[in-house]
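Take a look at the structure set out below.
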Amino acid sequence: MSFDQLMDTLVHDIVHFAISLAVAILVFYVGKFIINRLYSLVETILHKRKIEASLTTFVLSLVRIVLYFILIVTVIGILGIETSSFLALFASAGVAIGMALSGTLQNFAGGVLILLLKPYRIGDYIEAQGFAGTVTKIEIFNTIICTPDNKSIIIPNGGLSTGSINNYSTQEYRRVDWPLGISYGDSFENARDAILKMLSTDPRVIQEAIPDTPTAAPTVKLASLADSSVQLSARVWVKSADYWGVYFDFNEKFYAELPKAAGISFPFPQLDVHITKE
């Protein structure tokens, strides 16, 4: 190759590299501007949805890192540097890290879903994963509930996001049920009238159905004829906050006042044994 050809090739390569460098710089700054706009948009959305501060910070950092990684790979490709091996190395490292942290990543993903979809909130009384209590904290990886006997239970978010959750706090009204047994031969009508009269004296008990709600007036029905008793079912509707107070108060009231008010008795389990002598 002659000196002139060498110089022509060198000049051509320099010009080509300079153009690629200029395009790469332009793409970098345009991409940086777009990333900042997307970052601000995501930040605004998270703040409007009142996402937990710790999750907001993590998500924003993750968004920035991922977008800048894509931008850098794009710029490197524009400069003519081979990116396939670089991407393969990054993918292998990502797979290895993902396998090592599979449980943690599942809990993180579950925490994101819980904070976005809000199946429960702080202060709700829930039952899940074999535990029941009031939600005190919703963290990125775990949810902490406080049981009625004041024990803190830490439940991983992965199981909560994919399992069944019984949230007692989402509905304004709840139905209270009491199974009551009276002796055979006692008057069902007297028992029903006495129970309804007791229920009518408590202001916490809803006496008439409220429109656009599942509420209904108090009822007492004959549920079944059991082996040792006639089983009644008393049902009332109350506000969710009054549920346990009404339930326990009337347990005591039925036991103390119902036999005298209705002239009935609460039977013990019994078995008749007949002996035949040959």
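The values are calculated or read from the model by the stated rules, or taken from the named source; none is laboratory data. Small disclaimer: the values here were computed from a predicted structure and weren't measured. Here the Cβ positions follow ideal geometry from the backbone for every residue, glycine too, while neighbour counts run over all protein chains shown. For accessibility, only protein heavy atoms count, side chains too; no ligands or nucleic acids. Shrake-Rupley method; radii C 1.70, N 1.55, O 1.52, S 1.80 Å.
Within the set ILE165, ILE154, the sole residue that is hydrophobic (A, V, I, L, M, F, W, C) and open to solvent by 90 Å² or more (accessible area, probe 1.4 Å) turns out to be ILE154.
Can you name the residue in the range 133-143 that is out of contact with any helix residue (DSSP H, G or I) (no Cβ under 9 Å at 6 or more places or on another chain) and open to solvent by 30 Å² or more (accessible area, probe 1.4 Å) and, of all such residues, is nearest to SER169 (Cα to Cα)? My answer is THR134. Condition first: polar (S, T, N, Q), open to solvent by less than 50 Å² (accessible area, probe 1.4 Å) and in contact with a helix residue (DSSP H, G or I) (Cβ under 8 Å, 6 or more places away or on another chain). Can you find one or more residues in the range 180-192 that meet it? Checked the range 180-192: at least one residue is polar (S, T, N, Q), open to solvent by less than 50 Å² (accessible area, probe 1.4 Å) and in contact with a helix residue (DSSP H, G or I) (Cβ under 8 Å, 6 or more places away or on another chain).
Taking the criterion of being touching a Lys or Arg at 6+ places or on another chain (Cβ under 9 Å) and either of a type in the set (A, V, I, L, M) or over 15 Å from TYR255 (Cβ atoms) (or both), the residues of the range 172-191 that qualify are GLU172, TYR173, ARG174, ARG175, VAL176, ASP177. Residue count for the range 234-256, restricted to those that are surrounded by 14 or more Cβ atoms within 10 Å (Cβ to Cβ) and either farther than 20 Å from ILE206 by Cα or of a type in the set (Ser, Thr, Tyr) (or both): 3. Checking each residue of the range 237-254 against the condition of being farther than 30 Å from TYR125 by Cβ, of a type outside the set (D, E, K, R) and not in a helix (DSSP H, G or I) gives no match. Assessment of the range 233-255 against the conditions (more than 29 Å from PRO214 (Cβ to Cβ) and under 43 Å from the mean Cα position of the chain (by Cα)) yields no matching residue.
Evaluation of PRO214 against the conditions (1) surrounded by 14 or more Cβ atoms within 10 Å (Cβ to Cβ); (2) out of contact with any Pro (no Cβ under 7 Å at 6 or more places or on another chain); (3) touching a residue at least 12 places away in the same chain (Cβ under 8 Å) shows that the sole unmet condition is (1). Of the listed requirements (1) loosely packed, with under 14 Cβ neighbours inside 10 Å; (2) more than 15 Å from GLY163 (Cα to Cα); (3) under 13 Å from the mean Cα position of the chain (by Cα), LEU117 misses just one: (2).
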